[in-house]
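Peer 1: Starting off with a structure, shown below.
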Amino acid sequence: MDKVPMTPEGHLRMREELNQLRSVERPAIIQAIATAREHGDLSENAEYHAARERQSFVEGRVKELENKLARAEVIDPSKLSGDRVAFGATVKLSNVDTGEEVSYRILGADESDLAKGSIGITSPLARSLIGKRVGDEVKMRMPGGERTYEVLDIFFG
């Protein structure tokens with residue numbers, strides 16, 4: 001079974017979502033199903049079918065979260081250091097062709113949010129950056145063609 005790397009913050013958010021689904025969503029769905037059943041014929045009852053569909057979604061999400069939390073490997077980036085790119089590192093890159101600079105924080109797949117500057121450890125860019133040092137170059141095949149980035153800085157925290 002593969003470990004699922006995540007930060008303490010990501011682990012907490014996942015646990016909170018699981019608790020929300022178990023303690024709020026499940027009871028609300030059970031109540032919605034009971035109310036819909038009171039309306040009679042279930043074969044033509046849209047409320048009943050919608051509640052059952054929502055129940056199916058919530059149960060699937062609960063199982064997914066339980067699985068990920070069971071396999072979680074919580075890594076605190078603030079306690080890491082080093083001169084190589086690793087999980088939890090924030091990496092400052094420069095596009096060799098354009099000089100454009102970007103920074104990405106490498107987090108767990110469920111924590112990644114490109115709009116907030118974080119990428120998942122399983123993403124192609126993160127996989128190609130792992131183990132690199134300041135000054136190293138990384139070639140990436142992107143939808144718009146091949147790009148080369150130089151690692152400018154690596155920091156944890």
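The values are calculated or read from the model by the stated rules, or taken from the named source; none is laboratory data. Everything quoted here is computed from the prediction, not taken from an experiment. Every residue, glycine as well, gets a Cβ built from its backbone with ideal geometry; the counts of neighbours run over all protein chains shown.
Peer 1: Got a number for residues in the range 53-104 being buried (at least 16 other Cβ atoms within 10 Å of the Cβ), assigned by TED's automatic domain parsing to the domain that holds L21 and more than 19 Å from the chain's Cα centre (by Cα)?
Peer 2: 1
Peer 1: If the Cβ limit is 8 Å and pairs must be 6+ apart or interchain, which residue in the range 6-35 that is farther than 21 Å from T122 by Cα pairs with which residue that is surrounded by fewer than 17 Cβ atoms within 10 Å (Cβ to Cβ) and acidic (D, E)?
Peer 2: Final answer for the pair search is L18/E66; A32/E47; T35/E47.
Peer 1: Further question: Working only within the range 77-101, note down all residues that are more than 15 Å from D153 (Cα to Cα) and modelled with pLDDT of 90 or more.
Peer 2: T98
Peer 1: Still on this structure: Can you spot a residue in the range 42-52 that is in contact with a helix residue (DSSP H, G or I) (Cβ under 9 Å, 6 or more places away or on another chain), not polar (S, T, N, Q) and not in a helix (DSSP H, G or I)?
Peer 2: No, that holds for no residue.
Peer 1: Which of the residues spanning the range 138-157 are touching a residue at least 12 places away in the same chain (Cβ under 8 Å) and outside any strand (DSSP E or B)?
Peer 2: Residue satisfying the conditions is G157 alone.
Peer 1: Determine which single condition P5 fails, assuming it passes every other condition in (1) part of a helix (DSSP H, G or I); (2) within 14 Å of the chain's Cα centre (by Cα).
Peer 2: Status for P5: all satisfied but (1).
Peer 1: If you don't mind, there's one more thing I want to ask. Please verify whether A51 is free of Cβ contacts under 8 Å to residues at least 12 places away in the same chain and hydrophobic (A, V, I, L, M, F, W, C), treating the condition exactly as stated.
Peer 2: Working: free of Cβ contacts under 8 Å to residues at least 12 places away in the same chain: no; hydrophobic (A, V, I, L, M, F, W, C): yes.
No.
Peer 1: Just to be sure before I move on: is S43 within 27 Å of the chain's Cα centre (by Cα), farther than 30 Å from A86 by Cβ and hydroxyl-bearing (S, T, Y) in the structure I sent?
Peer 2: Judged against the criteria, S43 is not a match.
Peer 1: Being modelled with pLDDT under 95 and within 17 Å of G108 (Cβ to Cβ) is true for just one of E17, E73, E44, E64. Which residue is that? Even if it seems obvious, please write down each step before you answer.
Peer 2: Details: E17 fails: modelled with pLDDT under 95; E44 fails: within 17 Å of G108 (Cβ to Cβ); E64 fails: modelled with pLDDT under 95.
Testing whether each residue is modelled with pLDDT under 95 and within 17 Å of G108 (Cβ to Cβ) leaves just E73.
Peer 1: Which of the numbered conditions does E101 fail, given that it passes all the others? Conditions: (1) closer than 25 Å to L12 by Cα; (2) touching a Ser or Thr at 6+ places or on another chain (Cβ under 6 Å).
Peer 2: (1)
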